[in-house]
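Chemist: Structure in structure tokens, see below.
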Amino acid sequence: MSEQSGRPEDQDFRSENDFLAPLNRTSKKQMKRWWIKTTALLLLVVFSVVLLFTIGDLVSAEDTPQLRFVQLIRLINYPLFALLLSIILSYILVESFKYAWMLKISTGKFYLRTSIKTMFLGKYYDGITPLSTGGQPFQIMYLHKKDIPRGIASAIPLMRYLVSSVVMTAFAAVLLALTPHFVPGRIATVALLAIACVSLVINALVPVTIILFTVSPVLSTKIMATIIHVLYKLRIVKNRYATMKKTVRDLREYSEAIRMFTRKTAQMIPLILLSIAETFLYLAIPFFVVIAIADVPPTAELLVQILCLSVITRYTSLLLPTPGNTGAVEATSSLIFITVAGIDAYLGWVVLVWRFLTYYIYILSGIGINIFEIIRSAVRSRRQRHISGSPPPEQDASE
């Protein structure tokens, strides 16, 4: 591997564009499909914003209507808002360092810039796909395009998902147990807490199954075969053999990733610590939004309360398979964050700022990058045709 092509940071940005939709579109039909999906996603975001302010008005007291934007700007605590932005930056860096550390222990090199791009790529594609399932495949392709060996490129996103899932599950179990002690027991909160507990159990099955398959593949395969057979009888699964084959293949990929990294047990400790820090920062972001925007005094009790509410919001919204759980998060958080004292008039803005900094910003960045690359690709293609003197490519007959 040459020095010029061996370093991911030194490669041309075009290698990333080989697979980022819609960066290399050759068909107007594909372009049209991307624009339709993007427009639909943006409309869903707009609907979610309207929904959260509507719910905010309904659940707030009649004498405390939602603040207008001009009023909010005047009331923001700007030093605390700067702290909020530093927390967001810390979250991004910690999340990126997880990829950088895994690249370090698997390749011997610390690729921070590549890791940051990998993190943003995962956030964007997780945000535009139902159940947040789209990020890992594109991260794997991106790392491989950066001359990371295929096995390592596949193992890193899978291992990151597994460790983060285990840490998040542990955090969530503790916080859900603490919820009755720190969150007022309103009817909506109690109902959503019950839903969140069920969702936690369902989502915990994934990392538990992966670990069980790694420890005992024969036993876990028999269990999966039984479950899929029952789902087939209930007509939930259409093709049990294809489903079983795909499930076993996916489990093998995860178990291989685990084996690759667990051979270096001591070097896995920083990854676990980074995952703990990343999970805490992610769940604590609404706390910093509240103290910066809603003028609520910061206390340890308030921090624990909002951590509990963050977990309820996360696991309740996971049951609605919209891209990035859009709509579900806004509705759920509006219903339960009203339990924070003194937040009534700020509720819509608190949820909006929180979602913008943790979700909308990744979507808008991804759309912006895609549009930029569409324009750049068209300009380069036109220049190339002008230099070569060749006529424009013929349109596809199907178009």
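The values are calculated or read from the model by the stated rules, or taken from the named source; none is laboratory data. Predicted model only: the values in this text are computed from it and were never measured. Positions of Cβ are backbone-derived with ideal geometry, glycine not excepted, and every protein chain shown enters the neighbour counts.
Chemist: Against the definition (within 30 Å of residue 348 (Cβ to Cβ), in a helix (DSSP H, G or I) and modelled with pLDDT of 70 or more), how does residue 52 come out, yes or no?
Modeler: So residue 52 fails the test.
Chemist: Which is surrounded by 14 or more Cβ atoms within 10 Å (Cβ to Cβ) and free of Cβ contacts under 8 Å to residues at least 12 places away in the same chain, of 282, 232, 254? Spell out the reasoning first.
Modeler: Values: 282 fails: free of Cβ contacts under 8 Å to residues at least 12 places away in the same chain; 254 fails: free of Cβ contacts under 8 Å to residues at least 12 places away in the same chain.
Answer to the check: 232.
Chemist: Within segment 322-373, can you find the residues that are small (Gly, Ala, Ser), farther than 17 Å from residue 289 by Cα and touching a residue at least 60 places away in the same chain (Cβ under 8 Å)?
Modeler: 324, 327, 331, 365, 366
Chemist: Same structure again: Can you tell me how many residues within segment 250-288 are out of contact with any helix residue (DSSP H, G or I) (no Cβ under 8 Å at 6 or more places or on another chain), at pLDDT below 85 and either outside any helix (DSSP H, G or I) or not β-branched (Val, Ile, Thr) (or both)? Reasoning before the result, please.
Modeler: Here is the first cut: in segment 250-288, the ones out of contact with any helix residue (DSSP H, G or I) (no Cβ under 8 Å at 6 or more places or on another chain) are 250, 263, 265-266, 269, 273.
From the residues that got through so far, the ones that are at pLDDT below 85 too are 250, 263, 265-266.
Among the residues that remain, those that are also either outside any helix (DSSP H, G or I) or not β-branched (Val, Ile, Thr) (or both) are: 250, 263, 266.
Residues meeting the conditions: 3.
Chemist: Output the number of residues of segment 136-150 satisfying the condition of being out of contact with any Asp or Glu (no Cβ under 8 Å at 6 or more places or on another chain), in a helix (DSSP H, G or I) and not aromatic (Phe, Trp, Tyr).
Modeler: Residues meeting the conditions: 8.
Chemist: From 180, 149, which residue is within 23 Å of residue 315 (Cβ to Cβ) and surrounded by fewer than 18 Cβ atoms within 10 Å (Cβ to Cβ)? Can you show your working first?
Modeler: Details: 149 fails: within 23 Å of residue 315 (Cβ to Cβ).
Answer to the check: 180.
Chemist: Just one of (1) within 30 Å of residue 71 (Cβ to Cβ); (2) outside any helix (DSSP H, G or I) trips up residue 320, so point out which.
Modeler: Condition (1) is where residue 320 drops out.
Chemist: A further question follows. I'd like to know if segment 110-124 contains one or more residues that are surrounded by fewer than 20 Cβ atoms within 10 Å (Cβ to Cβ) and not hydrophobic (A, V, I, L, M, F, W, C).
Modeler: Yes, that holds for at least one residue.
Chemist: A follow-up question, please. Please enumerate the residues belonging to segment 99-135 that are without any contact (Cβ under 8 Å) to a residue 24 or more places away in the chain, assigned to a helix (DSSP H, G or I) and over 26 Å from residue 358 (Cβ atoms).
Modeler: Within segment 99-135, just 104 meets the criteria.
Chemist: Tell me, which residue of segment 163-203 that is touching a residue at least 60 places away in the same chain (Cβ under 8 Å) and not in a helix (DSSP H, G or I) is nearest to the chain's Cα centre (by Cα)?
Modeler: Per the criteria, the residue is 183.
Chemist: With the requirement that a residue be modelled with pLDDT under 90 and among the hydrophobic types (A, V, I, L, M, F, W, C), what does segment 163-192 give you?
Modeler: 182, 183, 187, 188, 190, 191, 192
Chemist: Exactly one of these conditions fails for residue 168: (1) within 22 Å of residue 320 (Cα to Cα); (2) aliphatic (A, V, I, L, M); (3) surrounded by fewer than 21 Cβ atoms within 10 Å (Cβ to Cβ). Give me its number.
Modeler: Here residue 168 meets the rest and fails (3).
Chemist: Just give me the residues in segment 290-306 being crowded, with 23+ Cβ neighbours inside 10 Å and in a helix (DSSP H, G or I), in sequence order.
Modeler: Scanning segment 290-306 gives 290, 292, 293, 305, 306.
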